[in-house]
Amino acid sequence: MNPAAGDPTPDTREALEVLTESLNEDAALSFIGKIAAWIDCTRMAATHLRVEQALREAPDTDQTELPSPVFVLGLFRSGTTILHRLLGQDPDSRTLPHWESFDPVHTPEGPEPRQRSLERTLKLADIFSPAVRAIHPMDAHQTDECRGMFTNVFRTPQFNVQYRATGYLEWLLAQDATTAYRHHRRQLQLVHRHRPYGKRFVLKDPTHTFFVDAILEVFPNARFLFIHRDPAETISSICSLHAYARSVFSSDVDAHAVGAEVSNSYMMRLLEPAVATVDRLPAGRIAHVRAPDLGRDPVGTIAAAYRELGMELGDEARVAMRADMQAKRENGSARHVHSPEGFGLNPAAIHERFASYCDRFELIR
């Protein structure tokens, strides 16, 4: 134990208590799942204490000026990762490599110990669930989402992807989301204090989509890139992600039950209200991207989105993005196979439910 680490913030303690209760009551964890959840929660709690200690020891961190943020929005599995990682190729973009969001506390030894720790964690994850890598490949050094900065305070809907934590999710969605985003901002200031670069922070987490009002309260100058994909394809892929991730930790995973859960989830309820929220923003604060356009012409699509946000995509960024796409094509990747029918869902019914959304963004092929 480290006495200097101090105590968790009260809101983090409360969130951890709710999460652990839900894991015990809702998640139907296997023996392996219980061990993994304990290790995961212990690690995240320790990271939270180290973050708080670092902030106490450098109280002027809250004066660190952050580059103007651009948040990537979109449902899970809609193309947010591809878009975000391409944006990370722009030298003007300040992004979070996976090791930095996983552990945002700077040490005199530099980033290498944190990188090695995450590499070990990811290798272990590949052993237990190789199928998840085909769905969402992860690398310690690659541009990654903000998830770690929210798990460090136990306030993210993403816990319900890895575990069936329904009680926790209900509690979380009833909370003031600005609590989580204020923690997020402090951690961004902590990492940027030690590694300042870039003209803009480019931040991505699919759950950002549902908390735009909270983001604007904490980051008043935020701009947004919102990606859209055929909801039938997206929902099917979300179900697959949930099913594969949970099957590592529980033997009680039924495909049709997952389909029913996802199709009635907060994600489906809040997608169109999220679009309505960004619609109220003035010009220059929001750009919409269609996933089919990004797949057909990544650089041209991003350049057009930049123009809508009052930014310019430079030649160096264009070259880097094209090189990144070429490398991905040459290296290949495992194919993620899924279908709505496999989860008891009807694509036509999904299209009918989201008819106005699909029509607006021309998503039906």
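Rg ratio for the range 285-365: its Cα radius of gyration over 2.2 N^0.38 Å, N being its residue count, equals 1.43. Straightening the chain between Leu55 and Arg120 buys 20.7 nm, computed as 0.36 nm per residue apart minus the Cα-Cα spacing. Computed from phi, the 3J(HN,Hα) profile of the range 34-39 under the Karplus parametrisation 6.51, -1.76, 1.60 (θ = phi - 60°) reads 5, 5, 4, 5, 5, 4 Hz, with x in place of Gly and Pro.
Two numbers describe the Cα atoms of the chain: Rg and Dmax, which are 19.9, 59 Å.
Whole-Hz Karplus values for the range 313-325 come out as 8, x, 4, 4, 5, 4, 4, 5, 5, 5, 5, 5, 5 Hz, taken residue by residue from phi with 6.51 cos²θ - 1.76 cosθ + 1.60 and θ = phi - 60°; glycine and proline positions read x. Working from label points 7 Å from Cα in the Cα-to-Cβ sense, the His336 to Ala349 distance is 2.3 nm. What does the charge add up to near His183, with Lys and Arg as +1, Asp and Glu as -1, over the other residues with Cβ less than 9 Å from its Cβ? The answer is +3.
The shape of the range 28-90 can be summarised by an equivalent ellipsoid whose semi-axes, obtained from the alpha carbon gyration tensor, come to 29, 26, 8 Å from longest to shortest.
Mean-square fluctuations from a GNM of the chain, with a 10 angstrom spring cutoff on Cα atoms, peak among Ala28, Ala243, Ala257 at Ala257.
For the range 181-273, the orientation-averaged shadow of the C-alpha convex hull comes to 8.2 nm² (one quarter of the hull surface).
Bear in mind these aren't lab numbers, they're just calculated from the coordinates by the rules spelled out. Here the structure is a predicted model, which means the values were calculated and not measured. Reconstructed Cβ throughout: ideal geometry from the backbone, glycine too, with neighbour counts over all protein chains shown.
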